[in-house]
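So the structure is just underneath, and the comments pick up after that.
The values are calculated or read from the model by the stated rules, or taken from the named source; none is laboratory data. From a predicted model like this one, the values you see are computed outputs, not experimental measurements. Methodologically, a virtual Cβ is constructed for each residue, glycine included, from the backbone with ideal geometry; neighbour enumeration extends over all protein chains shown. The area values use the complete protein model at the heavy-atom level, side chains included, leaving out ligands, DNA and RNA. Shrake-Rupley method; radii C 1.70, N 1.55, O 1.52, S 1.80 Å.
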Amino acid sequence: MFRYNGFKLFLLKILFGFFFIGLSVFLFISILTHNPNDPGIGKISGNEEITNFFGFWGSISSSLFLTLFGRMSLTLMAFIFYAGLLLFLGIKLRKAFLKFFIVILSIILFNFSLLLQHLFIFDLGLISKVFFDILIFYFPSIDEGLIYKAIISVILLLASLVMLIYCFSIRIVFFKKILLKLTNLKFLFFLIPF
């Protein structure tokens, strides 16, 4: 489980783990305390007081991520925290860069499916809006048909969910073992079919 492979790699993994955990916490809190009146993308200078928890740099970084990915950028921060925690603990994360880009793709697909249904529950990212406009320009019948929108949205949501499950290495059997150890209720074993 804890594979550091020497003292130098131990220190490197601990430092990079702390860095990624700190970065994700910084960005997570920055996004949660984001105020549109703070400086950010399109509004660099202002005479007003900055209300973001991390001040100027927190407002700039939260504005950048919210502009690009919308509120789903919190999922990206969760993945960075997950990767940092695995590094810190010495657990190997296979294909980390590929999984990072798959998380970004799943965020874009999720936002895209919400755009397709015209559900503006929260702020969606600029990248998804650009792809949506390109798709509607070349395939205008998708926006008109209710069945097309529903089918494509469900497919995109399922694809996004499968990608996130892959990236976070979620295994149902693992959660079953943890549940059984925490509760120590052996009689629930027959209720969980997997």
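The figures follow:
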| read-out | value |
| --- | --- |
| Phe65 vs. criteria modelled with pLDDT of 90 or more, under 16 Å from the mean Cα position of the chain (by Cα) and open to solvent by 80 Å² or more (accessible area, probe 1.4 Å) | no |
| Residue within segment 39-51 that is closer than 30 Å to Met163 by Cβ, in contact with a His (Cβ under 7 Å, 6 or more places away or on another chain) and not aromatic (Phe, Trp, Tyr) present | no |
| Pair list, Cβ < 9 Å and 6+ apart or interchain, from segment 77-103 residues that are more than 10 Å from Gly17 (Cα to Cα) to residues that are among the hydroxyl-bearing types (Ser, Thr, Tyr) and open to solvent by 70 Å² or more (accessible area, probe 1.4 Å) | Lys99/Tyr166; Ile102/Tyr166 |
| Residue in segment 64-72 that is over 22 Å from Asn35 (Cα atoms) and aromatic (Phe, Trp, Tyr) present | no |
| Test result for Phe16, more than 14 Å from the chain's Cα centre (by Cα), modelled with pLDDT of 85 or more and aromatic (Phe, Trp, Tyr) | yes |
| Segment 68-101, residues that are more than 30 Å from Lys8 (Cβ to Cβ) and surrounded by fewer than 21 Cβ atoms within 10 Å (Cβ to Cβ) | Leu68, Arg71, Leu74, Thr75 |
| Single residue of segment 108-163 satisfying the filter (touching a Phe, Trp or Tyr at 6+ places or on another chain (Cβ under 7 Å) and among the aromatic types (Phe, Trp, Tyr)) that is surrounded by the most Cβ atoms within 10 Å (Cβ to Cβ) | Phe112 |
| Given (1) open to solvent by 100 Å² or more (accessible area, probe 1.4 Å); (2) within 18 Å of Ile102 (Cα to Cα); (3) at pLDDT 75 or above, number of the condition Arg171 does not satisfy | (3) |
| Any hit, segment 30-49, residues being in contact (Cβ under 8 Å) with a residue 12 or more places away in the chain, open to solvent by less than 60 Å² (accessible area, probe 1.4 Å) and part of a helix (DSSP H, G or I) | yes |
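One line per residue, one yes/no per condition, for (1) under 27 Å from Leu119 (Cα atoms); (2) modelled with pLDDT of 85 or more:
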position	(1), (2)
Met1	no, no
Ile41	yes, no
Ser59	yes, yes
Arg71	yes, yes
Lys92	no, no
Lys95	no, yes
